[in-house]
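Here's the structure we're looking at; comments come further down.
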Amino acid sequence: MRRFRFAYLLVSLVFVAFARPFIGEQILGLAVIDVLLFITLIAGAYAVIERKSLFFIVAGLGLISAGAQIVFVVSGSYSAVGIFLTATLLFYGSVTCASMLTLFGHQARVTRDTLFQAISVYLLMGMIGALAYALLELASPGSFKFTQDLAGIDARFERFLGFSFTTLTTLGYGNIAPATPRADAMTTLQAVCGQIYLAIVIARLVSIQVGQNAKSRVSG
């Protein structure tokens, strides 16, 4: 089971990041989205379960995030939104750091779960960006310009998800634009980090595979 722990994280992230717009905004659709977010919290904690020093931190942040999400769903409190965004941002950040320590640490060989791990980190970077943008907009309204008026934090977070991944891949559609120096700095940082990550992770995986093949030839 633990051999594929990053596969569970990857699947949950794919559903949250890309399936959300197709679920719908009815009560049932919103409930499904909430369940998917809970699943990512569980999958993220499970992915780093072997790093005991970080697991309890990640699990604690996940509990805070889940609690704030429940409070927001029940009461609609915007204070809960801020706590949820902050806790989830720290949660995804902790999972990303733990995953990168494993990925760039003393890795003996490339497995399927290693590939799942590398892809999961990239998707986590996109999720972190979306949360950071939503948190900045919540704290300082007007940090971003939208091509159309969006009512509610849920609608804006949906757009920030797409904006985050287009920024991460340096694609950009122009439907959202940073309007303040802080927003501009955040988007620039994400774009740079996305390109650096791809270059480093490809080099890392190739070097592991080359070393693995060399050992196989020597032992053979």
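The values are calculated or read from the model by the stated rules, or taken from the named source; none is laboratory data. If you're wondering where the values come from, they're calculated on a predicted model, not measured in any experiment. Note that we place each Cβ from the backbone using ideal geometry, even for glycine, and neighbour counts take in every protein chain shown.
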Query - Only listed residue being part of a helix (DSSP H, G or I) and without any contact (Cβ under 8 Å) to a residue 40 or more places away in the chain, chosen from Gly82, Gly67 - result: Gly67
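This table checks each residue for (1) under 20 Å from Leu54 (Cα atoms); (2) free of Cβ contacts under 8 Å to residues at least 12 places away in the same chain; (3) part of a helix (DSSP H, G or I).
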site	(1), (2), (3)
Ala87	yes, no, yes
Tyr92	yes, no, yes
Thr96	yes, no, yes
Gly105	yes, yes, no
Val110	no, no, no
Gln117	yes, no, yes
Ser120	yes, no, yes
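Does the range 148-160 contain at least one residue that is at pLDDT below 90, in a helix (DSSP H, G or I) and within 30 Å of Leu205 (Cβ to Cβ)?
Just the residues of the range 148-160 that are at pLDDT below 90, to begin with: 148-160.
Subset that is in a helix (DSSP H, G or I): 153-160.
If we keep only those that are within 30 Å of Leu205 (Cβ to Cβ) too, we end up with 160.
Yes: the range 148-160 contains one or more residues that are at pLDDT below 90, in a helix (DSSP H, G or I) and within 30 Å of Leu205 (Cβ to Cβ).
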